[in-house]
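Below: one structure, written as structure tokens.
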Amino acid sequence: RLEGTLLRDEGQVIVDVRGVGYELTCSAYTVAALPLHGQPVVLLVYTHYTQNNGTVLFGFMDRAERQLFDQLITAKNVGPSTASAILSGASPRDIAALIARQDVPGLTRIKGSGKKTAEMLAVELHEKCEMLLLTWNADGSTRPSALPAGAKRSAIPSRHPLLEEVANALIGMGWKQLEADAAVNTLSIEAEPAPTIEVLLRQALRSMPR
């Protein structure tokens, strides 16, 4: 992480830390959330080194974007620059939801993600993105606006907390409240041994409309 003063120089993002300026490559998502020139800023940082380009720093405004970036660069032929370009196309939650749903057409519409890349992300990362969405719901690490506009968290008082988390994850992936409720109502937590939240989410996803 870097903590210092934000300097904007003809499109460059520089963080001045006690008189030393660090240039960072940031997605459009992070750039849009940055404070004004001369204001304090804290960015999470990924350091990438190559012989041709030397050291390149990638900056992230929030933990959700950094976590998704870390997953994207594990995919075949997706380097840090490509991952940053993909993250410029939508919010981390929206991108993770597309991957979790294996929505290749939706991913293809994101700048930086061609059809082959979209197909590969959907195959390699959909389960990891399902878990990311669950984690974000559970610990509140994403922004309050991360849920789709107009979406409300399920509030059925008699529902088991695990089922509540699954419903919230489905809503976060883009399905409607009624669709999430219908899928969750088919789940059972009475089995022995008790199913984990990951197992329940995968069961729910199999019944969701594509």
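The values are calculated or read from the model by the stated rules, or taken from the named source; none is laboratory data. Since the model is a prediction, treat every value here as computed from it, not as a measurement. Cβ: placed from backbone, ideal geometry, glycine included. Neighbour counts: every protein chain shown. Side chains included, ligands, DNA and RNA excluded: accessible areas come from the protein's heavy atoms. Shrake-Rupley method; radii C 1.70, N 1.55, O 1.52, S 1.80 Å.
For the range 1-92, applying the loop criterion from DSSP together with a ceiling of 15 other beta carbons within 10 Å to the GluC sites (Glu not before Pro) yields 10. Of all DSSP beta bridges confined to the chain, the antiparallel ones make up roughly 90%. Modelled this way, with points 7 Å down the Cα-to-C-beta line, the labels at residue 81 and residue 189 are 4.8 nm from one another.
For the chain, lysine pairs with C-alpha atoms less than 28 angstrom apart, excluding pairs fewer than eight positions apart on the same chain, total 12.
Normalising the Debye intensity of the range 18-81 to I(0), with uniform scatterers on Cα atoms only, and taking log10 at q = 0.24, 0.25, 0.30 Å⁻¹ returns -1.16, -1.22, -1.45.
I'd like the carbon and sulfur percentage of the solvent accessible area for the range 1-67, probe radius 1.4 Å, heavy atoms only, ligands and nucleic acids excluded.
Details: 1870 of 4030 Å².
Carbon and sulfur together cover 46 percent of it.
Loop-located trypsin sites (Lys or Arg not before Pro) in the range 1-97 (DSSP state other than H, G, I, E, B) with a sparse environment of at most 15 neighbouring Cβ atoms within 10 Å: 1, 18, 76. With each label modelled as a point 7 angstrom along the Cα→C-beta vector, the residue 23-residue 45 pair spans 1.5 nm.
Full extension of the chain between residue 32 and residue 135 yields a length gain of 34.6 nm, computed as 0.36 nm times the residue separation minus the alpha carbon distance.
Can you compute the helix-only [θ] at 222 nm over the chain? Use -39500 (n - 2.57) per DSSP H run of at least 4 residues, normalise by all residues, nearest 500 deg cm²/dmol. Spell out each step's value before the answer.
Details: 9 runs with 93 residues, N = 210.
Using -39500 (n - 2.57) per qualifying helix, the result is -13000 deg cm²/dmol.
Percent of alpha carbon pairs in the range 1-137 separated by more than 22 Å?
Numbers: 3569 of 9316 pairs.
It works out to 38 percent of all Cα pairs.
Taking all Cα pairs closer than 8 Å and separated by 6 or more residues, the relative contact order of the chain comes to 14 percent. Applying a length cut-off of 18 Å (Cα extent along the axis) and a mean Kyte-Doolittle floor of -0.5 to the DSSP H helices of the chain leaves 115-139.
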